[in-house]
1. So if I check each of S165, S236, which one is over 16 Å from Q140 (Cα atoms), modelled with pLDDT of 95 or more, among the polar types (S, T, N, Q) and buried (at least 16 other Cβ atoms within 10 Å of the Cβ)?
2. Anything in region 56-93 that is surrounded by 23 or more Cβ atoms within 10 Å (Cβ to Cβ) and part of a strand (DSSP E or B)? List them, or say none.
3. Looking only at region 136-158, decide whether some residue is part of a helix (DSSP H, G or I), within 28 Å of L77 (Cβ to Cβ) and of a type outside the set (A, V, I, L, M, F, W, C).
4. Please tell me if A19 is assigned to a helix (DSSP H, G or I) and surrounded by 16 or more Cβ atoms within 10 Å (Cβ to Cβ).
5. Is region 173-185 home to any residue that is in a helix (DSSP H, G or I) and at pLDDT 95 or above?
6. Would you check if there is a residue in region 204-217 being of a type outside the set (A, V, I, L, M) and over 30 Å from T99 (Cα atoms)?
Amino acid sequence: MKLKNKVAVVTGGAQGIGAGIVRAYAEEGAHVVIADVALHAAERLRAELGGDAMAIRLDVGNRVSIDAMIAEVTTRLGGVDILVNNAAVFDMGPFLEITEESFDRQFDINVKGLLFTLQAVASHMVAQGRRGKIINMASQAGRRGEALVAVYCATKAAVISLTQSAGLALIKQGINVNGIAPGVVDTPMWDRVDALFGKYENLPQGEKKRQVGLAVPMGRMGRPEDYGGAAVFLASADSDYVVAQTLNVDGGNWMS
């Protein structure tokens, strides 16, 4: 019970990696807040977990929504001890066909939304005198460029950089900021990724997923439950001396 009685907000927590982290936190005794733009999915997961889990609608692209989430969590649970910045969107396409709309949406959610959610929760922690843990979900895509995935890669590189800067800025306030960089993970989002690669590389459905899974040194794609351990570690007292790091959890895909 490493997170007993801690209040943990997981953005984008209704499915995929976020849901895997939500389940791991609940098992470790946290009061988990499933914060997602898809409220019905968040409610389903809350019902599955039972106990004192909480579901709340959150649009990280809207600062009013961010502030409202913090206010409601504070009213119902007293405050926030742990934040997992997991909400993100994905798009891809040929470099010469990148659109402003695609660029803006990815940066609005993956970078701007993450930054201002982090800022708002950290400000709340400082105001309450809480020591806290903040975990930003990056990606192996942030470690390198990819020809068809330029903007998404750039957003995740920004997440790694923001994790470093926020970690240095907030540790004197008693707040540890770190990140996790997943590799290829078998989630609903990867079904969309597979379809887009199929479109641009002329591959049948499921073929890109098969290829990338075989290319992982462990021989398979990641699963949402593979991320619970790292997320618990970075949220618990075990990581008190870990600051501004982004941990690769990718089956051996990337070494840094």
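1. Working: S165 fails: buried (at least 16 other Cβ atoms within 10 Å of the Cβ).
Going through S165, S236 in turn, the sole match is S236.
2. The answer is I82, L83, V84, N85.
3. Step one: filter region 136-158 for residues part of a helix (DSSP H, G or I), giving 140-143, 150-158.
Now narrow it down to the ones that are within 28 Å of L77 (Cβ to Cβ): none.
No, that holds for no residue.
4. Numbers: assigned to a helix (DSSP H, G or I): yes; surrounded by 16 or more Cβ atoms within 10 Å (Cβ to Cβ): yes.
Yes: the conditions hold for A19.
5. There is at least one residue in region 173-185 that is in a helix (DSSP H, G or I) and at pLDDT 95 or above.
6. Step one: filter region 204-217 for residues of a type outside the set (A, V, I, L, M), giving 204-211, 213, 217.
Filter again for over 30 Å from T99 (Cα atoms), leaving 217.
Yes, the conditions are met somewhere in region 204-217.
The values are calculated or read from the model by the stated rules, or taken from the named source; none is laboratory data. All values reported here derive from a predicted model rather than from experimental measurement. Cβ atoms come from the backbone with ideal geometry, glycine included; neighbour counts cover every protein chain shown.
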